[in-house]
Each structure stands twice: as structure tokens, then as C-alpha cells.
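Presented below is the structure to which this report refers.
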Amino acid sequence: MTALRERRATWTREQRLKSTGHQHGFGFNSTDGDDLVVWEFDRAGLTSLGDRTLVNSAALRRMEIRRIGLMEVRGLARNQRWDSQGGSDG
């Protein structure tokens, strides 16, 4: 088991040497024994106009659904108040 752990540690150090963070000169030293992880922003996300359009349309659709729901609930509350007061529309 110890040999496997040593091999994994060696492989991890080798991968860190090849990492983008080390190539950009973040001062990462993999031989010091620290298990530091260098993070780099991947820029994953809304990368195209199509992605942005889909996200915006989904957000607008959600806002519209919420607005309609609020209007319906408020209308029902108004009707219930009107009915409980014994009022009529005629």
C-alpha cells in the first residue's frame, strides 16, 4: 500500500509540473512536499451568443411566469375579500 501511495504522490507531482499554473510562473514548487493546488479560471460558461440568448430567454420566461402568478394570486385574494364582505357585482 505504501508503494502505491508513493507512486500516486510522484505522479501528482509530475502532473503539477506540467500544469498551466506552473507554466505561467506562479512560483509553485512541487518538491517542497506541500499539497497546494493552483487554480486557474477556465472561462467556462456563456461562451457564445447562442448560450447567452438561451439564458436570457429562460430568465425572461421565468420572470413572466412569476409575474402572471403574482397577478393571479392577488386577483384571487381580492375576489375572496370581496366575497367575504358580502358584496355583489350587480
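ASP51 to SER19: extension gain in nm, 0.36 nm per residue of separation minus the Cα-Cα distance?
Extra length available between ASP51 and SER19 comes to 8.6 nm.
Between ARG67 and PHE41, what FRET efficiency comes out of the Förster formula 1/(1 + (r/R0)^6) with R0 = 30 Å and r the beta carbon distance, rounded to 0.05?
Efficiency, rounded to the nearest 0.05: 0.25.
State, to one decimal in nm, how far the label point of THR12 lies from the label point of ARG74, with both points 7 Å from Cα in the Cβ direction.
Each label point lies 7 Å from its Cα, and together they span 5.7 nm.
Which value in nm describes the separation of the simple spin-label points at ARG81 and ALA3, placed 7 Å from the Cα toward the beta carbon?
8.0 nm
Taken together, the values in this text are just the output of simple stated rules run on the coordinates, not laboratory data. Keep in mind that this is a model prediction, so the values were computed, not measured. Backbone-built Cβ (ideal geometry, glycine too); neighbour counts: all protein chains shown.
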